[in-house]
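Notes to accompany the following structure.
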Amino acid sequence: MYTFILVVDSAQQVFTAQGIAARIGVVREEIGGRSIVEGLNGPHDGWLAVSAFNSDGYDCDEESYERLKILIEATKINNPRFFLVEGRDTNSSLANELLMSLDVNIKTVIDNDHGLIEELIVFRRLAEMGVDWLYKSGSPRFD
């Protein structure tokens with residue numbers, strides 16, 4: 001199972017958990033606003049869930065939270081909207097599908113919950129290179 005935080009700038013476009021999940025499949029809504037997409041053959045193929053949350057509910061160590069805040073400011077995300085993304089890719093790659101569906105022109109920051117906190121474009125490049133960005137720690141080097 002994986003978890004990552006997606007922070008998007010909703011200054012020019014309204015983002016919802018359902019709207020983000022719908023980029024990769026048919027959404028099933030749960031009570032509380034969690035939006036779930038399942039793999040082609042159901043949840044045993046994989047699933048991905050998206051939930052909006054307040055940045056005060058960001059559950060991580062203080063250093064990671066400070067790094068995230070600094071990157072949000074440096075990226076000039078004016079109206080940050082936080083989403084928790086959880087899932088499991090058994091016979092699917094829903095996390096990569098979601099990553100590739102996001103518009104690189106919308107300011108977006110991701111925290112993969114393993115020490116990698118970067119802009120969307122970095123994560124997309126890792127995915128394109130075949131790197132398992134969901135579990136990568138530390139800043140990547142592109143030589």
Among (1) at pLDDT 90 or above; (2) on the phi > 0 side of the Ramachandran plot, the one test that GLY138 misses
(1)
Residue by residue through the range 42-98, note down the ones that are in a helix (DSSP H, G or I), over 23 Å from ALA22 (Cα atoms) and charged (D, E, K, R).
ASP56, GLU62, GLU63, GLU66, ARG67, LYS69, GLU73
I want to confirm something. Restricting to the range 53-72 and keeping residues that are under 17 Å from VAL8 (Cβ atoms), of a type outside the set (Ser, Thr, Tyr) and surrounded by 14 or more Cβ atoms within 10 Å (Cβ to Cβ), which single residue is modelled with the lowest pLDDT?
PHE53
Would you pick out the residues in the range 104-140 that are touching a residue at least 40 places away in the same chain (Cβ under 8 Å) and over 21 Å from TYR65 (Cα atoms)?
ILE106
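Every residue, every condition in (1) under 16 Å from the mean Cα position of the chain (by Cα); (2) hydrophobic (A, V, I, L, M, F, W, C); (3) surrounded by fewer than 17 Cβ atoms within 10 Å (Cβ to Cβ), yes or no:
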position	(1), (2), (3)
ILE31	no, yes, yes
ARG34	yes, no, no
GLU38	no, no, no
SER51	yes, no, no
ALA74	no, yes, yes
GLY87	yes, no, no
VAL109	yes, yes, no
Tally up the residues in the range 9-30 that are over 17 Å from GLU97 (Cα atoms) and touching a residue at least 24 places away in the same chain (Cβ under 8 Å), please.
7
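The values are calculated or read from the model by the stated rules, or taken from the named source; none is laboratory data. Bear in mind that the values here come from a model prediction, so they are computed numbers and not experimental data. Neighbour counts are summed over all protein chains in view; Cβ atoms, including those assigned to glycine, are modelled from backbone coordinates with ideal geometry.
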